[in-house]
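> Here it is, the structure, as structure tokens.
The values are calculated or read from the model by the stated rules, or taken from the named source; none is laboratory data. Because the structure is predicted, anything quoted here is derived from the model rather than measured. Positions of Cβ are backbone-derived with ideal geometry, glycine not excepted, and every protein chain shown enters the neighbour counts. With ligands, DNA and RNA removed, areas are computed over all heavy atoms of the protein, side chains included. Shrake-Rupley method; radii C 1.70, N 1.55, O 1.52, S 1.80 Å.
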Amino acid sequence: MARAVSGDEDHIVIAGMAVEAPGGVDNLDDFWSALAESRELIGPFPRDREWPLRDVFSLHRSEGWGSVPDAGGFLTGATEFDPHFFGITPREAVAMDPQQRVALRVAWRALEHAGINPGALAGDEVGCFMGASFTEYGPRAAEVNEYNGYRAVGTALGAVAGRISHGLGLVGPSVTVDTACASSLTAVHQAAAAIRSGECDWALAGGVSVMGSPAAFYEFAKNNALAVDGHLRAYSKSATGTLWGEGAGVVVLERESRARELGHRVYARVLATRINHNGKGAPIAVPSAQAQETLVRKTIDAAGIDPSLVGLVEGHGTGTPVGDPLELTALCNTYGADAERGPRLGSVKTNVGHAQAAAGMLGLIKVLLCGANGHIAPTLHADDPAPAVDWSATGLRLATELEPWEAHEGVRYAAVSSFGVAGTNAHAILAMPVLEDIDA
């Protein structure tokens, strides 16, 4: 008999969320529509960022370099911001890393989605934990320009969370987390821990990625690890590499008792989150199937449920020939043990590209929307599964179409993975109660 989670514990729950994704998506309804309709939100490189695109698209002419397709998951509204709304001067706003700007407005929307007035929080002991990485925005700080005086905070990674806390007047812990591609799930892990330990009454947690330069494309072109055709084909036999993207997502975390008392909708209970590291052995950027499997097993144990209850696994799924097979091995050994029955597997990266520090949060919000709508969204390019594992011997299956998601005693269970290039792995298990309606 599958063990379901007990309703007696005062769980940390997700009571609100907001998202910005490529293709002009800036609300949950549009994001869900894109997922449910199997739309790819990939587009050409932005032409308004003064990037040296001629050089970028010529990299393959250098010996040992791969080609860079004119494609990625770019935020169309990354350059848009209303500084006066947030009490920021226009010159300071321009000097701010766009990740600070995007994170600030998405955090505001997440609070509104939870039914919380963002303008009435000054002095409240609320935490803010944001995943982000340095992306080379703006001129060098060590030169004279019209933005001197604003650059110390404008380019500070810590100001991604700090800007939200300052703008809203929050006095709880404020931390920017950088564990590379695992950053946003690590932020959720830290936020939940802070609430449990009493460091804050409740918290915002999320991640953001807006590329200040095309540096990531240079790095992976040199490693011949970019998708040559401009499509990220996670877990597919035809995958040739990853495709960089951008995005932002924020969730509101609080204890379930507080959510019920205040009338907040509970989208999910955070049953368990865990992080670990690959350790020594292979080069630092190479994933470890053993470390991932160990992490998943520990998270399942902490959640206190039978893994057979998990109906959806939102994987990391970068589309790389090295990373995907290792991840599939770990997932088959944990969630796919029953060859007759297992969860659906997908990756939101096939829709939006690899959003780096925000990748795990976009995957988490995808799962929350699947739970709220009672359907599992398909993952793109899943018609030819990678031969790295024996699919006939595992219950794990790629989510190839929009399909109803049956609940177990009124609850849908899901897992989310996120793995960082510096070796940090993060995993989370959620329990989503069936909502009375599907208006997310």
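> Can you give the Rg to Rh ratio for the chain, taking only C-alpha atoms and Rh from Kirkwood? Please list the in-between numbers first.
Numbers: Rg = 20.6 Å, Rh = 21.6 Å.
We get a ratio of 0.95 for the chain.
> Where the accessible area of the stretch 365-440 is counted over protein heavy atoms with a 1.4 Å probe, how much of it, in %, is carbon and sulfur?
Its accessible area is 50 percent carbon and sulfur atoms.
> Quick check: residue separation of S257 and A337 times 0.36 nm, minus the Cα distance between them. What number comes out in nm?
Length gained, S257 through A337: 25.3 nm.
> OK, next. Counting only protein heavy atoms and using a 1.4 Å probe, what share of the accessible area of the stretch 255-309 belongs to carbon plus sulfur, as a whole percent?
51 percent
> Straight-line reach only, C-alpha to C-alpha below 17 angstrom: list the aspartates and glutamates that K222 could link to, leaving out same-chain residues fewer than 8 apart.
K222 reaches D55, E63, D70.
> With +1 assigned to the C-beta of every Lys and Arg and -1 to the C-beta of every Asp and Glu, and no other charges, what is the dipole magnitude of the chain about the Cα centre in debye, to the nearest 20?
820 debye
> Let me ask something else. Exactly which chymotrypsin sites (Phe, Trp or Tyr not before Pro) in the stretch 80-137 are in a DSSP loop and have at most 16 other Cβ atoms within 10 Å?
The qualifying sites are F134.
> Put a dot 7 Å past each Cα toward the Cβ at T89 and H408; how far apart are the dots in nm?
5.7 nm
> Work out how far the C-alpha atoms of the stretch 56-125 reach from end to end along every principal axis, then list the three figures in whole Å, largest first.
The Cα atoms of the stretch 56-125 stretch 57, 30, 22 Å along their principal axes.
> Place the peptides 399-406, 39-46 in order of packing, highest mean first, counting for every residue the other Cβ atoms within 10 Å and averaging per peptide.
On the way: 399-406: 14.6, 39-46: 18.0.
Highest to lowest by the protection proxy: 39-46, 399-406.
> Follow-up question, since we're still on this one. Restricting to the chain, what percent of DSSP beta bridges are antiparallel, rounded to 5? Present the calculation step by step, with values, prior to reporting the outcome.
Details: 41 of 64 bridges.
Around 65 percent of the beta bridges assigned by DSSP in the chain are antiparallel ones.
> Please sort 142-151, 178-187, 97-106 by packing, taking for each peptide the average over its residues of neighbouring beta carbons within 10 angstrom, highest first. Present the calculation step by step, with values, prior to reporting the outcome.
Details: 142-151: 11.9, 178-187: 28.2, 97-106: 26.5.
For the peptides 142-151, 178-187, 97-106, the packing ranking is 178-187, 97-106, 142-151.
> How many nm is it between the label spots at E80 and D201, if each spot is 7 Å from the Cα in line with the beta carbon?
The two pseudo-label positions are separated by 3.4 nm.
> For the stretch 262-367, which trypsin sites (Lys or Arg not before Pro) are in a loop by DSSP, counting at most 11 other Cβ atoms within 10 Å?
K280, R341
> Considering only protein heavy atoms, what per residue accessible area in square angstrom results for the stretch 1-125 with a 1.4 angstrom probe?
Per-residue accessible area for the stretch 1-125 comes out at 48 Å².
> Taking only the alpha carbons of the stretch 361-440, what extent do you get along each of the three principal axes, in Å, biggest first?
Projected onto the principal axes, the Cα atoms of the stretch 361-440 cover 41, 31, 22 Å.
> Just the ratio, please: alpha-carbon radius of gyration of the stretch 1-109 over 2.2 N^0.38 Å, N its number of residues.
So the Cα radius of gyration is 1.54 times the expected 2.2 N^0.38 Å.
> For the stretch 100-204, taking Cα atoms only, what is the radius of gyration to one decimal and the Dmax to the nearest whole Å?
So, for the stretch 100-204, Rg and Dmax equal 14.6, 46 Å respectively.
> Please work out the Cα convex hull volume for the stretch 294-414 and give it in Å³ per residue.
Considering the Cα atoms of the stretch 294-414, their hull volume per residue is 110 Å³.
> Under 25 °C and 0.890 mPa s, how fast does the stretch 39-183 diffuse according to Stokes-Einstein, given a Kirkwood radius computed over C-alpha pairs? Answer in µm²/s, whole number. Walk me through the numbers before you get to the answer.
Details: Rh = 17.4 Å.
After rounding, the answer is 141 µm²/s.
> What does the accessible area per residue of the stretch 324-440 come to in Å², with a 1.4 Å probe and no ligands, DNA or RNA counted? It would help to have the intermediate numbers written out before the result.
On the way: 3670 Å² over 117 residues.
On a per-residue basis, 31 Å².
> In debye, nearest 20, what is the charge dipole magnitude of the stretch 306-405 about its Cα centre with +1 on Lys and Arg Cβ and -1 on Asp and Glu Cβ, if you could check?
Computed charge dipole of the stretch 306-405: roughly 280 debye.
> Would you kindly state how much longer the chain becomes between E143 and K237 on full extension, computed as 0.36 nm times their sequence separation minus their alpha carbon distance, in nm to one decimal?
Numbers: separation 94, 0.36 × 94 = 33.84 nm, distance 4.83 nm.
That works out to 29.0 nm of additional length.
> Report in % the part of the accessible area of the stretch 119-197 that belongs to carbon and sulfur, leaving out ligands and nucleic acids; probe 1.4 Å.
Within the stretch 119-197, the accessible surface is 56 percent carbon and sulfur.
> Then there is this: Who wins for biggest fluctuation among T379, T318, T294 in a Gaussian network model of the chain, springs between alpha carbons below 10 Å?
Highest fluctuation among the options: T294.
> Using only the alpha-carbon atoms of the stretch 202-343, report the extent along each of the three principal axes, biggest first, to the nearest angstrom.
On the principal axes, the stretch 202-343 reaches 53, 41, 30 Å in Cα extent.
> Would you compute the Debye intensity of the stretch 26-75 from its alpha-carbon atoms alone, equal scatterers and no solvent, and pass along log10 I(q)/I(0) at q = 0.25 Å⁻¹ to two decimals?
At q = 0.25 Å⁻¹ the computed log10 ratios are -0.94.
> Additional query: On a C-alpha basis, how far is the centre of the stretch 269-293 from the centre of the stretch 1-70 in Å? Whole number, if you could?
Between the Cα centres of the stretch 269-293 and the stretch 1-70 lies a distance of 22 Å.
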